[in-house]
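Taking it in order: structure first as structure tokens, then the write-up.
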Amino acid sequence: MGRSRRMRSNINRMRRRLASLGEIGIRRVASWPELDAAIDGHCEIEKRSWKASRNLGLASDKSHYFFYKGLARVFGQDGKFELRMLECDGQPLASTFGIMHDNVFQSLKIAHDSEYNKFSPGTVLESYELEDLFGRNLSSYEFLGSFLTNKLRWTSIVYETTNIHIYRRRPRQMLFFFNYLVFKHHVKVLLKKTGQFDRVDRFLKGFRYLVFKHHVKVLLKKTGQFDRVNRFLKRLRNSPFSRY
């Protein structure tokens, strides 16, 4: 994955600029149970990143949080789950993690503290990660996901993938197909072209939440379970996991 001389020069410049803030260190964690606390550290960085305002971090969805904790537990048993954290004078500025399998590294998540945007801590961390992995004779590094600028700057190799959806020819299934894979797609493209996608997305998320919450509340009251569920949720909010 060789890059241009200009790219390497930019990386070295970013490293020097970040080093002007203090002592830079890369902490690598690749075993369980140490990964347990390291994942929590990654969540803390996500809370200070751009992902927090869009509810894209692990901490914004408990199912995602426990899913990745589960991956860390399973693959961390033999060192295949690797998390790296970039620190400046001991303060975490960026974090990334992924899974090694058959000498291929699958990059899963990366986040950095938005307060340090001008120092590009995420890019600097990626550069150290790639340097370390390919120094161990890695055969391939997979960025995963869509064609984002922060990924394409590292490589010119792109793999196309195809999603296959199979439905029975019944009215309900056909309506679902048209709504989610035809109509919704074209609306999404239009909103992005007009710059209204984020605004509409936030509105719909809030609307869906309010409607869903209202109907659940009515149902619980009808069945006499509202007080019981309300007490349970209060206990859950006071539990050690309530911050995630």
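The table below gives the values:
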{"quantity": "Dimensionless Rg/Rh of the chain - Kirkwood Rh, Rg from C-alpha atoms", "calculated": "1.02"}
{"quantity": "Net charge dipole size for the range 73-149 [Lys, Arg +1 and Asp, Glu -1 on Cβ; Debye, nearest 20]", "calculated": "180 debye"}
{"quantity": "Charged-residue dipole, Cβ positions (Lys, Arg, Asp, Glu), the chain about Cα centre, Debye nearest 20", "calculated": "1600 debye"}
{"quantity": "Fraction of antiparallel bridges per DSSP, the chain only, in percent to nearest 5", "calculated": "90 percent"}
{"quantity": "Farthest positive-ward along the chain dipole, Cα basis, beta-carbon charges - from 64, 50, 226", "calculated": "226"}
{"quantity": "Per-pair calculated FRET efficiency, R0 = 22 Å: residue 61 and residue 202 via Cβ, rounded to 0.05", "calculated": "0.85"}
{"quantity": "Test item: Cα-centred dipole of the range 1-106, Lys/Arg +1 and Asp/Glu -1 on Cβ, debye", "calculated": "820 debye"}
{"quantity": "Theoretical FRET efficiency, 1/(1+(r/R0)^6), r = Cβ-Cβ of residue 217 and residue 44, R0 25 Å, to 0.05", "calculated": "0.15"}
{"quantity": "Relative contact order (%) - the chain, alpha-carbon pairs under 8 angstrom, separation at least six", "calculated": "18 percent"}
{"quantity": "Nearest 10 degrees, 0 to 90: helix 226-237 Cα axis against the chain principal axis", "calculated": "10 degrees"}
{"quantity": "Of 119, 22, 140, farthest towards positive along the dipole that unit charges on Lys, Arg, Asp, Glu beta carbons give the range 5-152", "calculated": "119"}
{"quantity": "Pairwise FRET efficiency - residue 37 versus residue 144, Cβ, R0 = 25 Å, nearest 0.05", "calculated": "0.50"}
{"quantity": "Among 200, 130, 79 - extreme Cα towards positive end, dipole of the chain, charges at beta-carbon", "calculated": "200"}
{"quantity": "Theoretical gain in end-to-end length, residue 193 to residue 168 [0.36 nm per residue, Cα-Cα removed]", "calculated": "5.6 nm"}
{"quantity": "Amide N proximity, the range 41-55 versus residue 26 label position 7 Å along Cα-to-Cβ, cut-off under 13 Å", "calculated": "none"}
{"quantity": "Cα long-axis angle, helix 121-134 against the chain (0 to 90 degrees, to the nearest 10)", "calculated": "70 degrees"}
{"quantity": "Set of the range 104-129 residues, backbone N closer than 16 Å to the point 7 Å along the Cα-Cβ line of residue 160", "calculated": "none"}
{"quantity": "Order of 167, 159 - criterion: other Cβ atoms within 10 Å of each residue's Cβ, fewest first", "calculated": "159, 167"}
{"quantity": "Residue order, fewest to most beta carbons within 10 Å, for 123, 162", "calculated": "162, 123"}
{"quantity": "Proxy reagent accessibility, fewest Cβ within 10 Å first, across 197, 67, 143, 97", "calculated": "67, 197, 143, 97"}
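All of the numbers you see were taken from the coordinates with simple rules; none came from a lab. Bear in mind the structure is a predicted one, so any value in this text is a computation, not a measurement. When we count neighbours, we look across all protein chains shown, and the Cβ atoms used for this are built from the backbone with ideal geometry, even at glycine.
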